[in-house]
Amino acid sequence: MQAACKAATLPGTDAVLSYNMACIASLAAGALSGTDREGIAARAVELLRAAVRAGFREAAHLKSDEDLVPLRAREDFRAVLKEMEAPPEPRSP
């Protein structure tokens, strides 16, 4: 799983692949406890960030996807969601 997660964060990786790997990691975190859970949950959020960098912009889906329930209480998850919901910054000419 570590190799697949690492591959899903590489530049040029498809947003959907990174998102789906985040869902798998989130479900795995939900089944674990202690430091194992924390490490996998942090990896799941890292994968969500990679999905956003790759163009994933479906904040409503992030809010409703049952696979992400184990992450919803995390501050870093809420930060990703907030980042997605923020209006895009204007580009300078």
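None of the figures in this text is laboratory data; all of them are computed from the coordinates on show. Everything numeric in this text was worked out from a predicted model, so none of it was measured.
Annotations
- Lone qualifier among R49, R74 - being charged (D, E, K, R) and farther than 17 Å from S18 by Cα: R74
- Within the range 62-82, the residues that satisfy the criterion of being more than 12 Å from the chain's Cα centre (by Cα) and more than 19 Å from A31 (Cα to Cα) are S64, E75, K82.
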